[in-house]
Structures are given as structure tokens and as C-alpha cells.
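> One structure is given below, represented as C-alpha cells, and several questions about it will come after.
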Amino acid sequence: MSIENFYYLNILGEIKSLYFPLGPNGNGLFCRYDIVTGDDWELISGTKTGITQCANGSRFSDEIVFNMPIECTFKSTNIYGWPQIIFSIYGKNLWGSEVNVGYARMHTCFITNEKRKTEPLIIRAPIIIPKATNFWSSLINMITDRNPELRDPKILADGTKTKNLFTFSNGGEVIVSLECIAKGTDKLDFDH
């Protein structure tokens, strides 16, 4: 009988909503997510990327509900490069153009549901909004009602690459409900 030298991680959950304490900055909001992993992680089932439906905020509520399901299974040999979810939030500006509203980043659960024996974990990832670094860019952004955008939002998964690259302001939260199920970690002596 051979011992497998890898384990499986099943991630289940949903993007519940976006919360903006000062109200959403735009209409027709939607969220794109990308699951970023290390080199040793292999996607077995599900998808690493997805887009929610468009939703409009209410003037009586600071929350925009999506209830977008997330489900994927990975196979890996170690914990380096643990899955992270990068959110890119878009909406329509005053001119009716689709613009970036902000980004958010979070790690998936480190503790599986077998250990917690509770309901899914609710994670609140802060939404960060890139800001221009000089006066002229700020002026152009104000006139066009556009925020600076990242060419590749996956760069947020590596904190060393984004250090001192640009400035951010806090703009709210992405609320996510997640469950993780691991199989095979006991054979590799991982204490989860």
C-alpha cells in the first residue's frame, strides 16, 4: 500500500455582500474574484476565477448582496502558497463607464470545519482603493471619475511587490462565508 505524498483542500463558500459604510461609490457594481495559489498547488475541480452579477445599492442600505458561490478543490504537497482570494470590484461612474471601485484580498480558512465543528467562517476583507501619487494624476482622476487600476490584481497576493508602490484608502468590506475541508493532512503530519 503506497502512501500519498499530497493532500486535498476543498474550499466552499460564497461572496455574501459588499459593505460600504459611506454608501457605494457607483451603481451597477460587480465583483471579480481570482484564487491565487503557490506553484505546488494544482486545481482538481472547480474554477479559479469568477464574476458576480451586477447589483445596485439602495439609498437606505450600505450593503450590496451578491450571494455568489465559490467552490474548488486543490491538491498540494505542502502549505507554501496557501490559497488567497483577490477581489476586484467594478461599477459605473458618473459618465456611465465601468471603472474600478477597489480591491480586496484574503486568505482562505486555515482551520478546517472538522476542527471548528461550527457554521461557515465569515471573513471580512477590507476594500482598498488605489489613489494617485501626484497632483496632476489626482486632478485627472477627479475630472474623469476614475481610480487608478492595477494591471494585474494578483500582485496583491505578494505583499513584498506592492510595498510603497502606491497609496490606498479604505473603502469598505467584502463579506465572504467560507468552509474548508482537508483530506490527507494527517498522513503528512500537518496539524490543521
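No lab work stands behind these numbers, since they all come straight from the coordinates. These numbers were taken from a predicted model, which means no experiment stands behind them. When we count neighbours, we look across all protein chains shown, and the Cβ atoms used for this are built from the backbone with ideal geometry, even at glycine.
> Using r as the Cβ-Cβ distance of ILE140 and THR47, and R0 as 35 Å, what FRET efficiency do you calculate, to the nearest 0.05? Kindly include the intermediate steps, with their values, before the conclusion.
Working: r = 36 Å, r/R0 = 1.03.
Efficiency at R0 = 35 Å is approximately 0.45.
> Continuing with the same structure: Please rank GLU149, GLU179, fewest neighbouring Cβ atoms within 10 Å first, as an exposure proxy.
Values: GLU149 12, GLU179 19.
Lowest count first: GLU149, GLU179.
> Sort ILE15, ILE70, ILE181 so the one with the fewest other Cβ atoms within 10 Å of its own Cβ comes first.
In order of increasing Cβ crowding within 10 Å: ILE181, ILE70, ILE15.
> A follow-up question, please. Taking the Cβ-Cβ separation of ASN170 and THR133 as r and a Förster radius of 22 Å, what is the calculated FRET efficiency to the nearest 0.05? Let's see the in-between values first.
Numbers: r = 17 Å, r/R0 = 0.79.
E between ASN170 and THR133, to the nearest 0.05, is 0.80.
> Just subtract the alpha-carbon distance of GLU149 and THR77 from 0.36 nm times their residue separation and send over the number in nm, one decimal. Please report the intermediate quantities before stating the final value.
On the way: separation 72, 0.36 × 72 = 25.92 nm, distance 3.45 nm.
Stretched fully, the GLU149-THR77 segment lengthens by 22.5 nm.
> Could you calculate the FRET efficiency of ILE181 with SER97 from 1/(1 + (r/R0)^6), where r is the beta carbon distance between them and R0 is 30 Å, rounded to 0.05?
On the way: r = 41 Å, r/R0 = 1.38.
Computed FRET efficiency for ILE181 and SER97 comes out at 0.15.
> Over 23 Å between Cα atoms: which of LYS16/LYS131; LYS16/LYS48; LYS92/LYS131 fall into that group? Each step should come with its number before you reach the end.
On the way: LYS16/LYS131 26 Å; LYS16/LYS48 18 Å; LYS92/LYS131 18 Å.
Correct reply: LYS16/LYS131.
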